[in-house]
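Please treat every number below as a calculation from the coordinates, not as lab data. A quick note: this is a predicted structure, and the numbers were derived from the prediction, not measured. Every residue, glycine among them, receives a Cβ derived from its backbone with ideal geometry; neighbour counts consider all protein chains shown.
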Protein chains: 2
Amino acid sequence: MDRQMASGEDDLIARYFRPLATDPGAFGLIDDAALLKQSGDDLVVTTDAIVEGVHFLPNDPPDTLARKALRVNLSDLAAKGAVPAGFVLTLALREVSDEWLAPFARALGEDAAAFGCPVLGGDTVSTPGPLMISITAFGRVPPGKMVRRDGAKAGDRIAVTGTIGDAALGLRILKGRIAGEGLDAPSRDFLVQRYRVPQPRNALALAIRDHASAAMDVSDGLAGDLAKLCAASRVSAVIEMAAVPLSVPAHALLGKESADLETLVSGGDDYEVVCAIPENRWDSFIAAARQADVQVSSIGRVTADAAAPQFLDATGKPVALKRLSYSHF
Amino acid sequence: MDRQMASGEDDLIARYFRPLATDPGAFGLIDDAALLKQSGDDLVVTTDAIVEGVHFLPNDPPDTLARKALRVNLSDLAAKGAVPAGFVLTLALREVSDEWLAPFARALGEDAAAFGCPVLGGDTVSTPGPLMISITAFGRVPPGKMVRRDGAKAGDRIAVTGTIGDAALGLRILKGRIAGEGLDAPSRDFLVQRYRVPQPRNALALAIRDHASAAMDVSDGLAGDLAKLCAASRVSAVIEMAAVPLSVPAHALLGKESADLETLVSGGDDYEVVCAIPENRWDSFIAAARQADVQVSSIGRVTADAAAPQFLDATGKPVALKRLSYSHF
C-alpha cells in the first residue's frame, strides 16, 4: 500500500514502452485509453496471462517472456482466423529493473512489429508477489467470420499445425527431469526454445478462416483441447496417435523413460492450432497452408459420437489416456 | 509450476462466470476469444489492474473488489465519452474459495448489468502471490469522437464531477490513521465506501463527448492528473482551491490533523472526471449534467502558460503542493 512519487510509472512507460507505441490509436501512451478505429470488421478479443512460477520459470529470460506473453495471445487470434490489430499489456512488477525491462521491451517491440500487432496501451502496477504479464489482444475478421470452437461436423478431418509435445519436453528439460538420454545440445535447445518461445500460426489465419469449420489453439494439451472442441461442437473424434506430428528431437525421446506419447499429447504449451476441415475443403486448405509455409497434418476425423475423442495406437486399439491436459488449479 | 487437472479452471468459470456471460459475443465463455461486432463506431480500449496490498487492502470484501475493478475501467470510458460495450477479466487467485468467488461474481454481474458492460471473456490463473484483478474494458464512440487528454485550450473552464478527496480519507480511516476526530459512523462509512466502491460517471459520458475539449478520469489525485491533462494539451491551469467540491464528511475533517486540502487534491482513487469545457459550451454542459443527475463544479480555467497548474487559496495566493499524486513505484 506504500506509494511513491507518481513519476515512477510514467518514467517507466516513457522509457520502455512509448518507443513501441507507434500506432496512432496508442496516442503515444499519454491518454487513458487507446482507440481501435472502426474498419467494418468484427473485433476478436482474447486475453491470456502468464505468472512467474506457474506459467514460466523464475529464471526464464525477459526477452523470451515478452515473446511468450504476446504469442500465446497471437495464437488465439490465428486459431480464430483473425488478423492482429493490436494489444494492451498489464505488467505487474516487483521492482523496476533496467536489466529486466530493457530486453523485455525490446523483444516485445520486435514481436509486435513482426506480427503486425502494435502495443496500444496498458497498465504497469507494482506487486509484492510474482511477476505477472497479462495481455489482451485484438484481431479483425470480416463480419460473422470468426472461426469458433463449435462448428465441427461429423466427417471433417482433424488437422494440427507444426509439431506436438515439444514444449512439454522443453519444460521437463528445464526442470531437470530429462538429463542426458542421448539428446544432443541442439535438440535440447530446440525443445527448450519451443517451451519458451511459441510459434503462433498467424500465417495460417486466413486459410483457417476460409476453410475450417471449427478451430482453437492447443495450449493445455492436444488431447484435452480437442476434447473441448468436440464438446463445444457436440461431436467426437477418432485420432491416430501415429499421425500426430512430432519433431525429430521428440521422436528421439519417444519410448525413453521421460517421454511417452501420452506426455506429448497432453503436455500443453504447444500453441499450435487444432482445427476441423470439411473433406471437400481439405485440398484447398493444404494448398493454402503450403503457400503460408505452415506444416499441417491430418490426424483423424470428427465422428457423430457424443463420447470423448478416441486416440488409437498403430494397431487401431484405443489408448487409455490417464489425463487429457493440465490445469493450474 | 505444479499443475492439477484441467477441470479446475473450467469448473470455476462454469460455476461463477458463465452465468454472467449473457452477451452473444461471449459465446458462453466456451470459446478462446470473444467478439465485438462491428457497429460503425470506434472502440475505446482501457485496461486497469488492481493488486492486493497495493491497490486494495487484503481484507477488502470480494463484492466491493469486483465493483472497484470494473468501475475504475468504466471511469476511463466515461472520461473518454464512450458508451460501455463489454470487458474481459483476468483473475489471478491464490486459491479457489466459494466464499470469495460467489460474492465476487455476483457483484461483478450486478455492476455489469447496471452499467450495460457485459463480461465477454477472461483468463483465470493461479498465483502463489497476491490476488490480482485485471480488467480490459471496451466502449463505443462515433468515429473520431473519443475525448482525448490533449485538446484543452486556454480560456476553457476546468470542471470536475462529484466530490474530491473522499477516497483518500476513506483509505486513511481503513488504515487507522483517522480515529475519532468527531466523525460519526455514517460519515466514516461514506468515506470508506467512496474508497472501496467508486462511482464512475458514465451517466455523463455523452455530455463529455458533446462538450469537453479534453477529459480524463481522476485516479491518482486531482492535482497530478490535471497536470497530466495540461501537459498533454500544452497548456496550464489556475485552480481555486475553495472551488474544489468536497463532501460534507470531508469538509468536517478539513483542518484537523489528518486531513488538509493537499491530502484531498493529491490523494487518488477519486474516479471522478476532470475536463476542460470551452466557455461557449458551459451552459449546455451544465444543463446536460443536470439532466444526467451528475454534480459538476467549475474549479478554474485553462491558461496559455506552459508551467504546472497553479492552485490558489481563498486569498488568491498560490499554494505550494509538496506532491501532486502518488505512484506505486
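Spatial offset of the stretch B:254-309 relative to the stretch A:258-329 amounts to 59 Å, using the alpha carbon center of each. Computed over the stretch A:130-244, the Cα gyration tensor eigenvalues convert (square root of 5λ each) into semi-axes of 30, 19, 13 Å, ordered from largest to smallest. Between residue A:57 and residue A:22, the contour length at 0.36 nm per residue exceeds the alpha carbon distance by 9.5 nm.
Just for chain A, what percent of DSSP beta bridges are antiparallel, to the closest 5? Of those bridges, close to 80 percent are antiparallel.
Can you give the longest stretch of chain B with no exposed loop site, where a site means GluC sites (Glu not before Pro) in a DSSP loop (not H, G, I, E or B) with at most 10 other C-beta atoms within 10 Å? The partial results should precede the final answer.
Details: sites that count: B:95, B:257.
Looking at chain B, B:96-256 is the longest stretch - no exposed GluC sites (Glu not before Pro) with at most 10 other Cβ atoms within 10 Å.
Using the count of nearby Cβ atoms within 10 Å as a rough guide to exposure, how do A:241, A:132, A:146 rank from fewest to most?
Working: A:241 19, A:132 29, A:146 25.
With the sparsest Cβ surroundings first, the list reads A:241, A:146, A:132.
Per the Kirkwood formula on distinct C-alpha pairs, the Rh of chain A is how many angstrom? Hydrodynamic radius (Kirkwood, Cα pairs) of chain A is 20.7 Å.
Which percent, to the nearest 5, of DSSP beta bridges fully inside the stretch A:7-141 are antiparallel? Don't jump to the answer; show the numbers that get you there.
On the way: 19 of 27 bridges.
Counting only bridges with both partners in the stretch A:7-141, antiparallel ones make up about 70 percent.
Taking the helices alone, chain B has a mean residue ellipticity at 222 nm of -9500 deg cm²/dmol, built from -39,500 (n - 2.57) per DSSP H run of at least 4 residues and averaged over all its residues.
Straight Cα distances below 14 angstrom link residue B:322 to the aspartates and glutamates B:260, B:262, with same-chain residues fewer than 8 positions distant left out.
Here the simple spin-label model places points 7 Å from the Cα toward Cβ, and for residue A:293 and residue B:293 these points are separated by 6.1 nm. Helix B:282-292 and the long axis of chain B differ in direction by around 40°, with both axes built from C-alpha atoms.
What FRET efficiency, computed as 1/(1 + (r/R0)^6) with R0 = 56 Å and r the Cβ-Cβ distance, is obtained for residue B:312 and residue A:231, rounded to the nearest 0.05? Each step should come with its number before you reach the end.
Working: r = 65 Å, r/R0 = 1.16.
Approximately 0.30, to the nearest 0.05.
Within straight-line reach of residue B:256, meaning a Cα separation under 16 Å, sit the following aspartates and glutamates at least 8 residues removed in sequence or on another chain: B:166, B:181, B:184. The ranking of B:106, A:290 from fewest to most other beta carbons within 10 Å of each one's beta carbon is A:290, B:106. Structure note, pairs A:145/A:228; A:80/A:175; A:228/B:68; B:175/B:317; B:37/B:228: Cα-Cα distances above 28 angstrom occur for A:80/A:175; A:228/B:68; B:175/B:317; B:37/B:228. Shown here for the stretch B:154-190: trypsin sites (Lys or Arg not before Pro) in loop regions (DSSP other than H, G, I, E, B) with at most 12 other Cβ atoms within 10 Å, namely B:175, B:177.
The residue among A:72, A:238, A:28 whose Cα reaches farthest toward the positive pole of the charge dipole of chain A, with charges on the beta-carbon of Lys, Arg, Asp and Glu, is A:238. Computed about the Cα centre, the dipole magnitude for the stretch B:130-200 is approximately 320 debye when only Lys and Arg (+1) and Asp and Glu (-1) carry charge, each at its Cβ.
Using the Cβ-Cβ distance between residue B:322 and residue A:185 with R0 set to 45 Å, the FRET efficiency from 1/(1 + (r/R0)^6) comes to roughly 0.20. Taking 0.36 nm per residue of separation and subtracting the current Cα-Cα distance, fully stretching the chain between residue B:305 and residue B:260 would add 13.5 nm.
Quantify how strongly other chains surround peptide B:141-148 by giving the mean number of their Cβ atoms within 10 Å of each of its Cβ atoms. Provide the component values of the computation, followed by the final result.
Details: counts 3, 1, 3, 3, 0, 7, 3, 6.
The shielding value for this peptide is 3.
Scattering from the protein assembly as shown was approximated by placing one identical point on each alpha carbon and applying the Debye formula without solvent; log10 I(q)/I(0) at 0.12 1/Å stands at -1.21. I'd like the orientation of helix A:62-79 relative to chain A: the angle between its Cα long axis and the longest Cα principal axis, in ° from 0 to 90, rounded to 10. Value to nearest ten degrees: 50. Across B:245, B:58, B:309, mean-square fluctuation computed from a Gaussian network of chain B (C-alpha pairs under 10 Å connected) peaks at B:58.
Averaged over the residues of A:119-126, the number of partner chain Cβ atoms lying within 10 Å of the residue Cβ comes to 5. Evaluating 6.51 cos²θ - 1.76 cosθ + 1.60 at θ = phi - 60° for every residue in the stretch A:155-160, the Karplus couplings come out as x, 4, 7, 9, 10, 10 Hz, glycine and proline recorded as x. With only Cα atoms counted, the stretch B:7-141 has Rg and Dmax values of 14.2, 44 Å. Rg and Dmax over the alpha-carbon atoms of the stretch B:15-61 stand at 15.5, 44 Å. Between residue A:125 and A:91, A:92, A:93, the built amide H atoms are under 5 Å apart, and every one of these is 5 or more places off in sequence or on another chain. Spatially, the stretch A:52-105 and the stretch B:160-177 are offset by 35 Å when compared through their Cα centroids.
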